[in-house]
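Below: one structure, written as structure tokens.
The values are calculated or read from the model by the stated rules, or taken from the named source; none is laboratory data. Bear in mind the structure is a predicted one, so any value in this text is a computation, not a measurement. Please note: Cβ atoms are built from the backbone with ideal geometry, for glycine as well, and neighbour counts cover all protein chains shown.
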Amino acid sequence: MILECVGPGFTYRWPGGEVHLEPGKPITLPEERGKRLLLKAPGRVRVIHPTVQPGTTIAWRRADGTSQVGQVDLLHVDETGTRWAFVTLPDGTWAAVNLKFSHQV
């Protein structure tokens, strides 16, 4: 879940972790943790809906420096809050892409 602070920044702590929220700087939290924060801080955080959806074409640079393009089939947020897109490449193969390293085409 992608959340953004509304108003003054603050630190949200829980057993085993913490995040600092600031206006204009969205953060990604696991779904359950994000729901809890929304309940604990009503009016102080808001949900940011991702613009990348299944069917969106994205581009990214691979570790070897080459550019790649693919169509998003599925979005996933792992236990660390990292957002992944599973994409189909033009040759029919697939890849998993960390959305932090991609952009919409």
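Values computed for the structure shown
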| quantity | calculated |
| --- | --- |
| Residue satisfying all of: in the stretch 88-105; closer than 27 Å to Leu29 by Cβ and among the aliphatic types (A, V, I, L, M); surrounded by the most Cβ atoms within 10 Å (Cβ to Cβ) among these | Val97 |
| Count of the stretch 38-60 residues which are loosely packed, with under 12 Cβ neighbours inside 10 Å and within 18 Å of the chain's Cα centre (by Cα) | 4 |
| Entirely in the stretch 28-105, the strands (runs of 3 or more DSSP E) that have 3 or more residues that are at pLDDT 85 or above and more than 24 Å from Gly16 (Cα to Cα) | 57-61, 67-77, 83-88, 94-98 |
| Matching residues, the stretch 56-81, being at negative phi and in contact with a Ser or Thr (Cβ under 7 Å, 6 or more places away or on another chain) | Ile58, Ala59, Trp60, Arg61, Val69, Gly70, Gln71, Val72, Asp73, Val77 |
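Residues are listed down the side, and each one gets a yes or a no for (1) in contact with a Pro (Cβ under 9 Å, 6 or more places away or on another chain); (2) β-branched (Val, Ile, Thr):
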position	(1), (2)
Leu3	yes, no
Pro23	yes, no
Leu38	no, no
Arg46	no, no
Thr51	no, yes
Thr66	no, yes
Val69	yes, yes
